[in-house]
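Scroll down for the structure; my scribbles are underneath it.
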Amino acid sequence: MDDLGEVLRHLNRHTRRGQRQLANHPLTRAYLEAGMRLVAEEFFGQPAGEDEEPQRRSFLWMSREQVIKEVARGPEELPQQGNPGSLRDRWPYFSDYLGDLILYALRIDGLRVHTDLAKQAAEAIGDNKLSTVAHEIAYRDLALDIDETATRFQFFVTAFADHDPVVAKALSAVYREVTESWRVVYDGLVEARGATLRPGLSFDDFAVILTAVAEGLALRAIGDRATPVLDHERRRSLLGTAALALMIAFVDPGDGDTLEETADRIADPRPDTP
């Protein structure tokens, strides 16, 4: 189980020890999981029919009463009896609860998806064909990004990062951990094949760029379902295509040229004349 004492920052305790103990109490997780289910219902609920007026609500629709009621619908391994007293004991103000829910969604729910995929990628690459593994992992990653509550929640709260240091810090921590988990995969992949990157490039660069591409494609797929971002029949995606193209660009085939020198040579392939 994740140590929520390292994540939550708004619990009603004055010492770090007290916050850690309360953070890891099963009822605390039950309240947070209830909030995540409410968020999932908001993002993935049944859409309005043709003759119905769509409901347009902001994050402010969630209430203390709804969270308490949702706890009762939770899994059996978590407490199913919430009440106003125990919720206020943890978060005196509902805004404090929402702050920790954001941290929970980003650091626990969202991060787990990406780190699990990174582990799968590291195990799958081995001696398998690079293109096959890249397409399969990219397909899984993008399919999850499009349909995961945590991903849509991240897109939603990113808009507030400039004005909310709690959100900004949580997002920054998630990006650092995601970058590190994938950087290790890319580093191992290239090193195992005796290859090196072009001068001036790093695996951190590769991970940051590919993460941004994945988020951009997920956002495009959510907003424009007509764009063929995913091919479910072939288990292919534009993310897999981008990953392979980026790998070809980053890896030094033996000429020792920088990326810029390679681009200039492609644009003007004429040999230098004395």
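List of remarks:
- Residue in region 51-63 that is touching an Asp or Glu at 6+ places or on another chain (Cβ under 6 Å) and at pLDDT below 95 present: no
- Output for region 233-258, where each listed residue is farther than 20 Å from ALA121 by Cβ and either surrounded by fewer than 16 Cβ atoms within 10 Å (Cβ to Cβ) or outside the structural domain of ILE137 (by TED's automatic domain parsing) (or both): GLU233, PRO253, GLY254, ASP255, GLY256, ASP257, THR258
- Any hit, region 77-85, residues being buried (at least 19 other Cβ atoms within 10 Å of the Cβ) and within 22 Å of LEU4 (Cβ to Cβ): yes
- Note on region 1-11: residues that are touching a residue at least 60 places away in the same chain (Cβ under 8 Å) and touching a helix residue (DSSP H, G or I) at 6+ places or on another chain (Cβ under 6 Å) total 6.
- VAL185 part of a helix (DSSP H, G or I), surrounded by 19 or more Cβ atoms within 10 Å (Cβ to Cβ) and within 12 Å of the chain's Cα centre (by Cα): no
- Checking ARG225 against (1) farther than 24 Å from ALA118 by Cβ; (2) under 21 Å from the mean Cα position of the chain (by Cα); (3) part of a helix (DSSP H, G or I), the condition it does not meet: (3)
- Residues in region 145-157 that are surrounded by fewer than 17 Cβ atoms within 10 Å (Cβ to Cβ) and out of contact with any Asp or Glu (no Cβ under 9 Å at 6 or more places or on another chain): ASP147, PHE156.
The values are calculated or read from the model by the stated rules, or taken from the named source; none is laboratory data. Everything numeric here is computed off the predicted structure, so don't read it as measured data. So basically every Cβ, Gly included, is an ideal-geometry build from the backbone, and we count neighbours across all protein chains shown.
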